[in-house]
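Peer 1: Dropping a structure here in structure tokens format, bear with me for questions.
We did not get these values from a lab; they are worked out from the coordinates using the rules stated. A quick note: this is a predicted structure, and the numbers were derived from the prediction, not measured. A quick note on method: Cβ atoms are made from the backbone with ideal geometry, for glycine too, and the neighbour counts reach across all protein chains shown.
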Amino acid sequence: QLQLQESGPGLVKPSETLSLTCTVSGISISSSNYYWGWIRQPPGKGLEWIGSIYYSGSAYYNPSLKSRVTISVDTSKNQFSLKLRSVTAADTAVYYCTREEVSSASDYWGQGTLVTVSS
Amino acid sequence: DIQMTQSPSSLSASVGDRVTITCRASQSIRNYLNWYQQKPQKAPQLLIYAASSLQSGVPSRFSGSGSGTDFTLTISSLQPEDFATYYCQQSYGTPPSITFGQGTRLEIK
């Protein structure tokens, strides 16, 4: 059964880097036809796509976050990761990792992890 | 960026009602439109992909239609478990710059 699990610090200080990892089980992250993505949701607000990556390492990002975001993949660990630099309180959100099928629809989601930016 | 506008923002309905939620794109996105359901404190769940294809395991009372700029999600007969927030998402372009609608909260009347 396919599962995705986010992990990482729940509290990050302003101006620092938010780092999260998504561990995929039940399928190889190197499977063709799928991208792997990150989506976030500030408390009480809507969904915002952050970016997506293919197992080859080819990634694309939300233009509004592109200057601060890096998504990487580690096929040996069946994981992909998110780094968001220079965070502010506006980056406080539940962060979800997802599998994206060919039309970029996210058909599998992690449970989400709340990251709070605060000193 | 392609802007997605959902209407209404909130909706009250009763069990058994037929409900329609609309999503409009700021430019043509062909059929690159997906719908999600989110319940409180849970991750969203994919309902409809490519505007009108029902995701595996999703009840047939959910349906999607539209192309170009105007899309609809219809629930033919509301069930108690359908009260949730619904989001549309566009994924047009190569590579796509994915954006979501602001959400529609469906509440019990």
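Peer 1: Which entries in the list A:Lys13/A:Lys66; A:Lys13/A:Lys83; A:Lys45/B:Lys39; A:Lys13/B:Lys42; A:Lys77/B:Lys39; B:Lys39/B:Lys109 go over 23 Å, if you measure between the two C-alpha atoms of each?
Peer 2: A:Lys13/B:Lys42; A:Lys77/B:Lys39
Peer 1: Which order do A:Thr70, A:Thr17 fall in if you start with the one that has the fewest other Cβ atoms within 10 Å?
Peer 2: Least crowded to most crowded, the residues run A:Thr17, A:Thr70.
Peer 1: Scattering from the C-alpha atoms of the stretch A:1-85 alone, worked out with Debye: what is log10 I(q)/I(0) at q = 0.13, 0.18, 0.26 1/Å?
Peer 2: -0.42, -0.81, -1.43
Peer 1: While we're looking at this one, here's another question. For B:Lys109 and B:Glu81, compute 0.36 nm times the residue count separating them, minus their Cα-Cα distance, and round to one decimal in nm.
Peer 2: Length gained, B:Lys109 through B:Glu81: 8.7 nm.
Peer 1: By count of other Cβ within 10 Å, fewest leading, how are B:Val15, A:Val117, A:Val73 ordered?
Peer 2: Ascending number of Cβ neighbours within 10 Å: B:Val15, A:Val117, A:Val73.
Peer 1: Taking only the alpha-carbon positions of chain B and ignoring solvent, what does the Debye formula give for the base-10 log of I(q)/I(0) at q = 0.17, 0.24 Å⁻¹?
Peer 2: With no solvent term, the Cα-only Debye profile gives -0.72, -1.39.
Peer 1: Check which residues have an amide H placed less than 5 Å from A:Gly112's amide H, if you skip close sequence neighbours.
Peer 2: Sorted by chain and number, the residues that satisfy this are A:Glu6, A:Cys97.
Peer 1: If you don't mind, another one. How many partner chain Cβ atoms sit within 10 Å of a residue's Cβ in peptide B:36-44, on average, as a whole number?
Peer 2: Mean number of neighbouring Cβ atoms from other chains: 4.
Peer 1: Would you calculate the separation in nanometres between label points at A:Asp74 and B:Thr74, each defined as 7 Å from the Cα along the Cα-to-beta-carbon direction?
Peer 2: 4.9 nm
Peer 1: Amide H neighbours of A:Val87 under 5 Å, at least 5 residues apart or on other chains, H built in the peptide plane: list them.
Peer 2: Correct list: A:Ser15, A:Glu16, A:Leu18.
Peer 1: Oh, and also: From zero outward in steps of 10 Å, how is the percent of C-alpha pairs of the protein assembly as shown spread across the bins?
Peer 2: 8, 33, 36, 19, 4, 0
Peer 1: What ratio of Cα Rg to 2.2 N^0.38 Å holds for the stretch A:35-74?
Peer 2: Normalised Cα radius of gyration, the stretch A:35-74: 1.21.
Peer 1: Which whole number gives the average, over all residues in B:45-54, of C-beta atoms from other chains lying within 10 Å of the residue C-beta?
Peer 2: If you average over the peptide's residues, the count of other-chain Cβ atoms is 3.
Peer 1: What is the Cα centroid distance between the stretch A:38-58 and the stretch B:8-57, reported in whole angstrom?
Peer 2: Here the answer is 19 Å between Cα centres.
Peer 1: Averaged across the residues of A:48-61, what count of C-beta atoms belonging to other chains lies within 10 Å of each residue's C-beta?
Peer 2: 2
Peer 1: In terms of modelled amide H atoms, which long-range or inter-chain residues lie less than 5 Å from the amide H of B:Ile48?
Peer 2: B:Trp35, B:Gln55
Peer 1: Hey, what do the phi angles of the stretch A:62-69 turn into as Karplus ³J(HN,Hα) couplings, whole Hz, using 6.51/-1.76/1.60 and θ = phi - 60°, x for Gly and Pro?
Peer 2: Working through the residues one at a time gives 4, x, 6, 10, 3, 5, 10, 10 Hz.
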